[in-house]
Structures are given as C-alpha cells and as structure tokens.
1. Name the one entry in 142, 85 that is assigned to a loop (DSSP other than H, G, I, E, B) and touching an Asp or Glu at 6+ places or on another chain (Cβ under 9 Å).
2. Report whether or not residue 48 is surrounded by 14 or more Cβ atoms within 10 Å (Cβ to Cβ), touching an Asp or Glu at 6+ places or on another chain (Cβ under 6 Å) and hydroxyl-bearing (Ser, Thr, Tyr).
3. List every residue pair whose Cβ atoms lie under 8 Å apart, where the two residues are 6 or more positions apart in sequence or sit on different chains, the first residue falls within segment 165-177 and is under 20 Å from residue 25 (Cβ atoms) and free of Cβ contacts under 8 Å to residues at least 60 places away in the same chain, and the second residue, located anywhere, is surrounded by fewer than 17 Cβ atoms within 10 Å (Cβ to Cβ) and among the β-branched types (Val, Ile, Thr).
4. So residue 133 passes all but one of these: (1) in a loop (DSSP other than H, G, I, E, B); (2) open to solvent by less than 60 Å² (accessible area, probe 1.4 Å); (3) not aromatic (Phe, Trp, Tyr). Which condition number does it fail?
5. Open to solvent by less than 50 Å² (accessible area, probe 1.4 Å), without any contact (Cβ under 8 Å) to a residue 60 or more places away in the chain and over 27 Å from residue 24 (Cβ atoms): does that describe residue 152?
6. Kindly evaluate residue 140 against the criterion of being small (Gly, Ala, Ser), exposed (fewer than 15 other Cβ atoms within 10 Å of the Cβ) and either without any contact (Cβ under 8 Å) to a residue 24 or more places away in the chain or farther than 10 Å from residue 7 by Cβ (or both).
7. How many residues does segment 2-31 hold that are open to solvent by 60 Å² or more (accessible area, probe 1.4 Å), at pLDDT 95 or above and in contact with an Asp or Glu (Cβ under 8 Å, 6 or more places away or on another chain)?
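The values are calculated or read from the model by the stated rules, or taken from the named source; none is laboratory data. Computed from a prediction, not measured in an experiment: that's the story for all the values here. Every residue, glycine as well, gets a Cβ built from its backbone with ideal geometry; the counts of neighbours run over all protein chains shown. Ligands, DNA and RNA are stripped out before the accessible areas are found, and what is left, the full protein with its side chains, is counted by its heavy atoms. Shrake-Rupley method; radii C 1.70, N 1.55, O 1.52, S 1.80 Å.
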Amino acid sequence: MLINVSSLDGKLTKWKGSNIYEWSSAEDFAHFKQTLSQHSLIVMGSGTFDGVKDNPKAGLKPEKERLRVILTSKPQNYTQYVVPGQMEFSADTPETLIKKLEARGYKQMLLVSGGKVATSFFKKKLVDEFWLTIEPRIFGIGEPLIQEEKFDIKLQLLETKQLNKQGALMVQYKILR
C-alpha cells in the first residue's frame, strides 16, 4: 500500500522544499500516524528520509515493533542510522526488496515515498492500494506525485473522507489489475 499527501495540483513538495510538514495539515498528519501505527514494515526513499530525518515530528526513530527500510543507491552513506531489524538501508530494486522482505516473514508493506520511488513500484505493479490526502493547496512547482512515465493504471475508489474544514480529502483506491 502506498500512502501520500499532495497539493491539489499533484505536488508532493512545496516548490523546492522537501519537508511536507511545512504545508500539510495536522489532520493529515494524524491520519498518517494512525496508518503508520498499523504497519510493521515501512519503506521509503532516501529523498523522503533526508527531507524529514531531522524533524522530530516525523518520528523516524528506530522502533522495535516496526522495520523501516530506506531505499538508496548509496546505503554506505547512512551507516550511522542503521539499527538492524528497525532501520535499514538498501540499494535493492523494488522486486528484490519485496522478495527479501517476504523471506523475512513480512506480508504487508506501507510505502511512504516521493515520486521517484512510487513510480518505480507502480512500474513493477507492486502497489495494490493507494491512499492519498489531497490538501487544498496549489503550488505549481514541486515534486510530482508520479515521475514522467507512461502509465494507464486503473483504480477503484474504496473510501473518501473530508479531514478538515478547509477541505483536505483523504481518498483510498484499490489498484485494478
């Protein structure tokens, strides 16, 4: 399952920023934290990790009840953050990573990522659900939800929920195969 927050115009970041907590709503954060608490495996890209690793609100500290795997082309640059079984870094492809995690007994994963990693998982058809909070903001410039790639992914709406008075909407979709 992929979970994300974007502006109405599909931007994951505000301009050149990388910290979503600067602009996303408190209600989305509460929804995200609740969803996070229900998963024992979290996967994200290094761009997402780097953007929020120093923000205490992000809660990226190692936890015994959850494994966080950060995808990076240079895992050696993150050795100071490694806690085996809690915070790990990997240069694996999405398919290889999934196989390794399944071999370790994981059956469900929460993908929390920027457009590059999300695109790589969509490309390999490794996303089964997509949960998105759409914030009532328009940035024009920012990281796109999905990188430029030819897709024709069909979705089925599972749930919608208005998160606040401003109109932040949480939508949950199933990926149709």
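1. Working: 85 fails: touching an Asp or Glu at 6+ places or on another chain (Cβ under 9 Å).
Step by step, each of 142, 85 is checked, and only 142 is assigned to a loop (DSSP other than H, G, I, E, B) and touching an Asp or Glu at 6+ places or on another chain (Cβ under 9 Å).
2. Spelling it out, it is not the case that residue 48 is surrounded by 14 or more Cβ atoms within 10 Å (Cβ to Cβ), touching an Asp or Glu at 6+ places or on another chain (Cβ under 6 Å) and hydroxyl-bearing (Ser, Thr, Tyr).
3. 169/160; 171/160; 172/160
4. Failing condition for residue 133: (1).
5. No: the conditions fail for residue 152.
6. For residue 140, the condition - small (Gly, Ala, Ser), exposed (fewer than 15 other Cβ atoms within 10 Å of the Cβ) and either without any contact (Cβ under 8 Å) to a residue 24 or more places away in the chain or farther than 10 Å from residue 7 by Cβ (or both) - is not met.
7. Summing the residues that are open to solvent by 60 Å² or more (accessible area, probe 1.4 Å), at pLDDT 95 or above and in contact with an Asp or Glu (Cβ under 8 Å, 6 or more places away or on another chain) in segment 2-31 gives 1.
Rundown of residues vs (1) touching a strand residue (DSSP E or B) at 6+ places or on another chain (Cβ under 8 Å); (2) crowded, with 18+ Cβ neighbours inside 10 Å; (3) β-branched (Val, Ile, Thr), yes/no style:
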| site | (1), (2), (3) |
| --- | --- |
| 63 | no, no, no |
| 67 | yes, yes, no |
| 82 | yes, no, yes |
| 86 | yes, no, no |
| 91 | yes, no, no |
